[in-house]
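Here is the structure we will look at.
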Amino acid sequence: MAFNKSNSFESFENKVWLSSPTTHGEELDYITEAYKTNWMSTIGKNITEIEKITCEKIGCKYAVALSTGTAALHMAMKLAGQNLYGQPDVGHGTLEGKRVFASDMTFDATVNPIVYEGGIPVFIDTEEDTWNMDPVALEKAFEIYPEVKLIVMAHLYGTPGKIDELKAVCEKHGAMIIEDAAESLGASYKGIQTGVFGKYNCISFNGNKIITGSAGGMLLTDSLDAANKVRKWSTQARENTAWYQHEELGYNYRMSNVIAGVVRGQYPHLEEHIAQKKAIYERYKEGVKDLPVSMNPYDVEMSEPNFWLSCLIIDSDAMCKQVRGERDVCYVKEAGKSCPTEILEAIASINAEGRPIWKPMHMQPIFRLNGFITHRGNGRAMTNAYIDEKAVDVGMDIFERGLCLPSDNKMTPEQQDQIIKVIRACFE
């Protein structure tokens, strides 16, 4: 069913994106430097500098620049598995057959590296206050799977989770944390930057992140031994010999000096980008304050997000009928009500990009048989989120009622005002 309001809105001449790279010119200077000095591969000043800058900004001791944030997460899993379980048998991953607790509402890059290393993801439901891993559900998970020694927690859309509570549960059960801060570079919890709360931590410079290299990521740690292992593994695990000698499995994961040049040119603008993203969030919040919706939440006392993506969630009693299959969706328009599909179609009709909320991992076909733990305990029972406001499956409820709004920091206030008008029209 298409958005067909009689009071149609004029489309933007140039598309307003969800979140696209914002460049400033310095990037080209550092790329040119790499070109002129012929340091085009995986060694060079740009790499050295961004590793140094990252440590200074985030507060970790060591940073290893890698090709993607996913590569960084993979290396973190490999380190954790080796640390917890020792060297694996030949042909097996370091987490072979071991369960690992993971955030449920996240992009699948958080979870796939568990499987790369032979582990079995068990998904922990979301809490409503920050849309991140629920500490109560995590405690329930340890009651069901007391043998688990590793958790991976992500900070959704740049909003820090309940870090103190999650850490307390993990410390109680002797479990190690890997922190996926891919979306939360520059965000802080109690004044401390995300990316330092786990044993091993990861950030991303993907094309749509708060700052970008077009690609790239980093492994963050306070362990020199861990950093050195990742430097070795990520360059095909070459031994220190005059010839190519390999005694363990390696990967082609190192960041190039050219990509590092883009990141180096972006870093001075991190705080500027965060301020722009926050202004977008606040403008949306003000513009929809009298609608039956709310913005993605955060703990104003404990944390300062980077506001990477602005999202909204529709009140349960203001949802029109919407049905989603694995690949298709339909809805029935009702006066005074709307749904994510209608709003996304309306936004698209004026040449702007929104997106559904990340579909929770336990709802993905590839993980349909994996464990999923809610704050009430073990369960995959789906409740009707529109009737039960305290639905067992919080992540599913947010997915059903929520959406990501255009959050590009090059969007003008006038463009955003137009998007807000379109959203408002959906509830007429």
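At-a-glance table
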read-out	value
In region 115-153, residue surrounded by the fewest Cβ atoms within 10 Å (Cβ to Cβ) [restricted to those that are hydrophobic (A, V, I, L, M, F, W, C) and within 16 Å of the chain's Cα centre (by Cα)]	Trp131
Matching entry among Leu249, Leu224 (being touching a residue at least 24 places away in the same chain (Cβ under 8 Å) and either surrounded by fewer than 24 Cβ atoms within 10 Å (Cβ to Cβ) or more than 30 Å from Asp29 (Cβ to Cβ) (or both))	Leu224
Qualifying position, being out of contact with any Phe, Trp or Tyr (no Cβ under 8 Å at 6 or more places or on another chain) and in contact (Cβ under 8 Å) with a residue 40 or more places away in the chain, among Gly217, Gly195	Gly195
Pair list, Cβ < 8 Å and 6+ apart or interchain, from region 16-30 residues that are touching a residue at least 60 places away in the same chain (Cβ under 8 Å) to residues that are surrounded by fewer than 17 Cβ atoms within 10 Å (Cβ to Cβ) and part of a strand (DSSP E or B)	Pro21/Ser214
Checklist (1) within 26 Å of Glu271 (Cβ to Cβ); (2) of a type outside the set (D, E, K, R); (3) part of a helix (DSSP H, G or I); (4) touching a helix residue (DSSP H, G or I) at 6+ places or on another chain (Cβ under 9 Å) applied to Leu79, failing item	(1)
In region 96-116, the residues that are under 24 Å from Asn132 (Cα atoms) and part of a loop (DSSP other than H, G, I, E, B)	Lys98, Asp104, Met105, Thr106, Phe107, Val111
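Residues are listed down the side, and each one gets a yes or a no for (1) in a loop (DSSP other than H, G, I, E, B); (2) under 30 Å from Thr48 (Cα atoms); (3) assigned by TED's automatic domain parsing to the domain that holds Gln418; (4) without any contact (Cβ under 8 Å) to a residue 40 or more places away in the chain:
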| residue | (1), (2), (3), (4) |
| --- | --- |
| Val262 | no, yes, no, no |
| Glu286 | no, no, yes, yes |
| Asp299 | yes, no, yes, no |
| Asp317 | no, no, yes, no |
| Ile343 | no, no, yes, no |
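The values are calculated or read from the model by the stated rules, or taken from the named source; none is laboratory data. Since we're looking at a predicted model, the values are computed, not measured. Glycine also receives a Cβ, built like all others from the backbone with ideal geometry; neighbour counts cover every protein chain displayed.
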